[in-house]
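The values are calculated or read from the model by the stated rules, or taken from the named source; none is laboratory data. Because the structure is predicted, anything quoted here is derived from the model rather than measured. In this analysis, Cβ positions are derived from the backbone assuming ideal geometry, glycine residues included, and neighbour counts consider all displayed protein chains.
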Amino acid sequence: MRRRNSLILTAFTLLFLLGGSCVVLANTTPVTDAHLTSINNGFKQNGITNGYAELDTYGRVQLKGGYEDDKQVDLAFSLAQTVVGVKWVSPVTPDNIKVKEWEKRIGSLFSRARVLKETGSEGAPGAVRNRYALVVGVGHFKYGIQTLQYTVRDASSFYSFLVNPRGAAFPRSNVYYLTDQTATRDNIMKYLNTIKNAAGPDDLVVVYMSSHGTPPDKFGGVHIVTYDTEVKPRERVWHTAVTENMLKDFVEGLRAKRLVMILDTCYSNGAYRSIPGFLPPGGKSLGADDDEGYGISKDYGKRLLGSKDIVLDEDPRKASGAAKDVDNQNGYGKVLLSASSAGEKSWESDSLKNSVFTYYFVDGLKRYNGSVKDAFTYSKPLVSQRVKQEKGADISQTPQAMATNSNWNMCIKKTP
């Protein structure tokens with residue numbers, strides 16, 4: 001990527017790289033001139049007069065030229081995905097296209113970052129004072145997105161652990177529980193803002209969401225589908241989901257120094273098969289198999305948590321044992337746990353009657369007395385094993401943990 005302005009490019013590098021992008025050579029791409037012609041004709045038919053599509057060095061479709069605003073970029077990106085699929089459309093970078101409103105936005109990003117840095121306090125928090133949580137499970141959707149069987153059960157099992165006196169014992173009045181029709185975009189943001197305004201530096205905040213993901217957007221982000229996420233026109237799926245920027249605003253504005261965010265969500269073609277015109281011919285990306293899916297990438301985690309020196313749990317050690325034997329009373333930081341990695345689906349299990357990740361993660365919380373890192377370490381290999389056992393030896397699901405602090409083994413269970 002060429003440098004035009006070091007500050008702007010540093011931010012865009014973090015904002016727009018897609019984890020797990022394909023690395024094939026252009027001469028092996030399934031994208032043909034006919035595909036490009038179809039995409040560019042679609043641009044003209046939809047009023048995109050200064051933008052166009054061509055191949056990048058990896059053989060993917062990339063947007064070039066000029067666009068009126070952010071929504072027109074989304075429209076162009078969506079049109080390209082409906083022709084060749086999500087795998088063969090390259091994330092957008094500022095070198096490729098011109099969008100005036102982005103220049104203003106990036107300036108405000110740096111102004112905000114300076115304010116946050118100047119007002120934020122350093123150091124570890126004191127003992128946990130109050131605890132807050134938002135738990136979301138969406139299995140039924142208003143606008144034709146495929147039903148998920150066990151997301152509400154996922155949310156129920158996590159909620160039950162939080163409020164159970166023998167579990168985490170969160171005050172019920174501080175736990176907001178949204179499922180199906182109540183899990184609208186507005187409601188989710190309402191309670192995220194409620195928690196953000198209420199939680200102080202010494203408090204603990206837990207956010208859990210289980211749902212479908214959107215197709216990767218123009219920057220590679222998979223957003224969280226709500227009950228009322230729209231799908232027509234296709235680009236509305238990004239405008240009406242819980243977006244990365246919305247979660248980032250929550251994370252940046254939260255005063256609490258202990259945040260655990262668990263996202264059991266991914267994009268899967270199957271979620272959108274019944275929606276006419278949403279998927280390309282064949283219902284998947286060119287050359288992709290039927291299990292094509294996209295989870296939360298590492299770059300998404302870096303953008304969300306806002307840390308250049310983010311801690312990635314690539315090879316977790318064995319869970320350390322009972323809570324009394326580990327240093328989880330002093331753990332802190334902002335932690336993002338995702339059920340799968342960038343190029344994977346998050347699977348449900350008919351035998352477990354849960355999503356595979358949530359089942360083992362909640363089991364780990366029970367086994368390790370609410371210790372987050374121990375529960376994740378326990379669940380990660382079991383998830384991979386179970387998915388291969390039930391879905392096929394060539395199918396992978398690899399949970400990820402990303403944190404702003406190496407000592408993130410927080411205990412979400414109230415201690416005596």
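Table for the structure above
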read-out	value
From the options L192, L148, residue that is farther than 26 Å from N407 by Cα and within 20 Å of the chain's Cα centre (by Cα)	L148
Output for the range 280-295, where each listed residue is under 21 Å from the mean Cα position of the chain (by Cα) and crowded, with 18+ Cβ neighbours inside 10 Å	K284, S285, E292, G293, Y294, G295
Residue within the range 340-351 that is more than 28 Å from G126 (Cβ to Cβ), assigned by TED's automatic domain parsing to the domain that holds F161, in contact with a Ser or Thr (Cβ under 8 Å, 6 or more places away or on another chain) and of a type in the set (A, V, I, L, M, F, W, C) present	yes
Failed condition for V135, given (1) assigned to a loop (DSSP other than H, G, I, E, B); (2) under 20 Å from the mean Cα position of the chain (by Cα); (3) surrounded by 17 or more Cβ atoms within 10 Å (Cβ to Cβ)	(1)
Qualifying residue in the range 100-116 (condition: surrounded by 14 or more Cβ atoms within 10 Å (Cβ to Cβ) and modelled with pLDDT of 90 or more)	no
Candidates G213, G220, G139, filtered to the one that is closer than 23 Å to L352 by Cα, touching a helix residue (DSSP H, G or I) at 6+ places or on another chain (Cβ under 7 Å) and of a type outside the set (S, T, N, Q)	G139
Some residue of the range 394-413 being surrounded by fewer than 20 Cβ atoms within 10 Å (Cβ to Cβ), out of contact with any Ser or Thr (no Cβ under 7 Å at 6 or more places or on another chain), in the same structural domain as Y267 (by TED's automatic domain parsing) and without any contact (Cβ under 8 Å) to a residue 24 or more places away in the chain	yes
Condition broken by D264, with the remaining ones in (1) under 16 Å from Y294 (Cβ atoms); (2) assigned to a loop (DSSP other than H, G, I, E, B); (3) of a type in the set (D, E) satisfied	(2)
Criterion violated by Y360 - all others in (1) in a helix (DSSP H, G or I); (2) touching a residue at least 40 places away in the same chain (Cβ under 8 Å); (3) of a type outside the set (D, E, K, R) satisfied	(2)
Yes/no for T93 being within 23 Å of the chain's Cα centre (by Cα), modelled with pLDDT of 50 or more and surrounded by 18 or more Cβ atoms within 10 Å (Cβ to Cβ)	yes
Matching residues, the range 386-416, being of a type in the set (K, R) and outside any helix (DSSP H, G or I)	K413, K414
Exclusive hit being under 29 Å from D291 (Cα atoms) and touching a helix residue (DSSP H, G or I) at 6+ places or on another chain (Cβ under 8 Å), set S371, S384, S349	S349
Of all residues making up the range 203-223, the number that are free of Cβ contacts under 8 Å to residues at least 60 places away in the same chain and aliphatic (A, V, I, L, M)	0
Subset of the range 367-390 that is in contact with a strand residue (DSSP E or B) (Cβ under 9 Å, 6 or more places away or on another chain) and farther than 21 Å from S160 by Cβ - its residue that is surrounded by the most Cβ atoms within 10 Å (Cβ to Cβ)	K373
Selection from the range 232-257 of residues that are touching a residue at least 12 places away in the same chain (Cβ under 8 Å), within 20 Å of D74 (Cα to Cα) and surrounded by fewer than 21 Cβ atoms within 10 Å (Cβ to Cβ)	K232, P233, H239, T240, T243, M246, K248
Criterion (of a type in the set (A, V, I, L, M) and at pLDDT below 95) met by exactly one of V383, V356, V335	V335
Search result, residues across the range 147-164 that are in a loop (DSSP other than H, G, I, E, B) and within 20 Å of L352 (Cα to Cα)	T147, L148, Q149, Y150
Selection from the range 55-78 of residues that are under 28 Å from the mean Cα position of the chain (by Cα) and either touching a residue at least 60 places away in the same chain (Cβ under 8 Å) or part of a strand (DSSP E or B) (or both)	L55, V61, Q62, L63, K64, K71, V73, D74, L75, F77, S78
